[in-house]
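Beneath this line is the structure, given in structure tokens, with notes to follow.
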Amino acid sequence: MTTASLAASDQDAAVGIDRLFLGVALAATAILVALVLLDHHPTSAALIIGGFGLGVAFLKAEFSYTASWRRFLTRGEAGGLLGGLIVIAVCAVVVVPVATLLPKYGGAIAPLGPSLVIGAFVFGIGMQLANGCGSGTLYTVGGGSGRMLVTLLFFVIGSVFGSLSLPAFLALGGIEPILASDYLGAWGGLIATLVSIAIAAALIIAFARRRGANFMPSRNYIIGGLAIGLLCVAVFLAGGHPWSVTFGYTVWGAKAATALGFDLSHSAFWQWPGPKHALAESVLSDTSSLTDFGMIFGAMAAAAASKPFARGSWPPAKSLLAAVIGGLLMGWGARLGFGCNIGAFVGGVASGSLHGWIWFLAALPGCLIGIRLRPWFGLSRE
């Protein structure tokens with residue numbers, strides 16, 4: 001190695017740049033963008049780039065739904081939850097009117113019934129054991145966490161089992177989706193959605209004040225919430241529907257199962273038009289997968305650009321077991337509950353769909369149980 005290259009390496013170490021992983025992240029993103037552009041899909045390229053931006057924003061802001069919900073439930077601290085509501089409010093300003101007025105766009109809507117409640121509740125348990133939700137799993141994997149790579153693997157497996165279970169749970173009954181814009185129109189629906197967010201924020205602040213806890217979002221959560229909200233809007237405008245994470249996991253798992261010789265085509269879920277198309281076509285035709293890939297590489301680039309890439313030792317066996325169980329529960333729960341914190345909660349509420357709030361209220365008690373289980377696996381309750 002020359003003196004000049006040694007000096008450059010020392011300089012990179014001093015400022016915390018990991019050139020290898022930064023290069024890998026940028027090259028992988030460029031290859032994905034080139035592949036979809038060669039197939040004449042510029043909107044797919046926009047989704048990859050939007051996902052990349054989300055990965056950077058989540059990692060740099062350290063924006064964690066899992067940790068913020070845990071701090072709220074154990075300490076009463078509300079800043080993280082309010083940061084999440086900033087994301088939803090920014091999204092709603094665009095999603096509600098555009099999805100109502102323009103036929104080529106649609107919101108995140110879902111029926112109300114046992115499947116939604118059970119799925120959200122189970123997901124809440126899983127996210128606290130795994131120490132990450134759908135988006136959190138992606139950006140921490142991109143940031144170099146080996147533990148979360150285990151979570152992602154079992155999240156994918158759980159998602160496939162969830163897809164096989166969903167039709168039976170839907171058969172238990174329920175009511176059709178309730179959408180604010182169906183009753184109040186585009187602008188009335190938007191006002192109702194923003195009012196519901198304001199009421200939720202007021203209740204969260206009142207709870208925090210009663211506990212004597214801090215309720216002001218940190219600077220990271222305010223700026224991160226605004227940035228993530230705007231990127232969610234960009235993904236919505238490019239993809240035609242609100243950002244979702246976990247359907248991509250289901251597609252990856254189903255394609256892997258098919259490659260291993262399992263025939264999923266006879267399952268009711270995989271006969272529905274959307275899943276059937278996703279299973280038959282390239283993974284690069286699935287909008288959720290595109291943003292997922294972009295998010296992983298965006299987080300990797302952000303991590304590598306700010307510090308040497310994570311190369312730490314693996315966590316203890318009990319912690320890895322929690323990652324396995326948490327991943328399975330989140331995967332299964334996300335399919336039954338029509339998504340995770342992003343697809344069901346953020347996307348649902350930002351679309352003016354009542355199921356988003358029901359998902360949130362069902363996931364919170366699941367989180368409480370998950371928090372109580374954490375010490376069994378050597379994890380802190382806080």
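Every number here is computed from the coordinates shown, using simple stated rules; none is lab data. Every value quoted in this text rests on a predicted model; they were computed, and no experiment measured them. Don't worry about glycine lacking a Cβ; one is built from the backbone with ideal geometry, like all the others, and counts go over all protein chains shown.
Tabulated results
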quantity: Listed residue (Gly136, Val160, Gly51) projecting farthest to the positive dipole end of the chain, Cβ model; calculated: Gly136
quantity: Packing-based exposure ordering (other Cβ within 10 Å, fewest first) of Val324, Val122; calculated: Val324, Val122
quantity: Rounded if a/c under 1.5, otherwise prolate or oblate - segment 160-287, Cα gyration tensor axes; calculated: prolate
quantity: Relative contact order for segment 75-193, counting Cα pairs under 8 Å that sit 6 or more residues apart, in percent; calculated: 39
quantity: Cα-projected label distance for Trp187 with Ala171, points at 7 Å along beta-carbon direction, nm; calculated: 4.7
quantity: Which of Tyr249, Tyr183 has the fewest Cβ neighbours within 10 Å, and the rest in rising order; calculated: Tyr183, Tyr249
quantity: Euclidean distance of C-alpha centroids, segment 14-68 and segment 167-197, integer Å; calculated: 33
quantity: Summed residue charge, Cβ within 14 Å of Pro167's Cβ, Lys/Arg positive, Asp/Glu negative; calculated: +2
quantity: Shape category assigned to segment 16-121 from the gyration tensor of Cα positions, a/c cut at 1.5; calculated: oblate
quantity: Computed helical MRE - 222 nm, the chain, DSSP H runs ≥ 4 contributing -39500 (n - 2.57), nearest 500; calculated: -24500 deg cm²/dmol
quantity: Cβ charges +1 (Lys, Arg) and -1 (Asp, Glu), total dipole of the chain, debye; calculated: 1100
quantity: Euclidean distance of C-alpha centroids, segment 253-278 and segment 351-365, integer Å; calculated: 28
quantity: Segment Lys104-Glu62, extension gain: residue separation times 0.36 nm, minus the distance between their alpha carbons; calculated: 11.7 nm
quantity: Residue-span extension gain [Ala30 to Ser380] - 0.36 nm each, minus C-alpha spacing; calculated: 122.1 nm
quantity: Top of Asn131, Asn214, Asn341 by mean-square fluctuation, Gaussian network on the chain, Cα under 10 Å; calculated: Asn214
quantity: Contour minus Cα-Cα distance for Ala256 and Arg210 (0.36 nm per residue); calculated: 11.6 nm
quantity: FRET efficiency, Thr43 to Ala202 (Cβ-Cβ, R0 35 Å, nearest 0.05); calculated: 0.40
quantity: Per DSSP, loop trypsin sites (Lys or Arg not before Pro) in segment 183-291 with at most 10 further Cβ within 10 Å; calculated: none
quantity: Under 14 Å from the Leu364 label point (7 Å along Cα→beta-carbon), backbone N, segment 47-77; calculated: 69-77
quantity: Global geometry of the chain, whether rounded, prolate or oblate, following the gyration tensor of its Cα atoms and the 1.5 cut on a/c; calculated: rounded
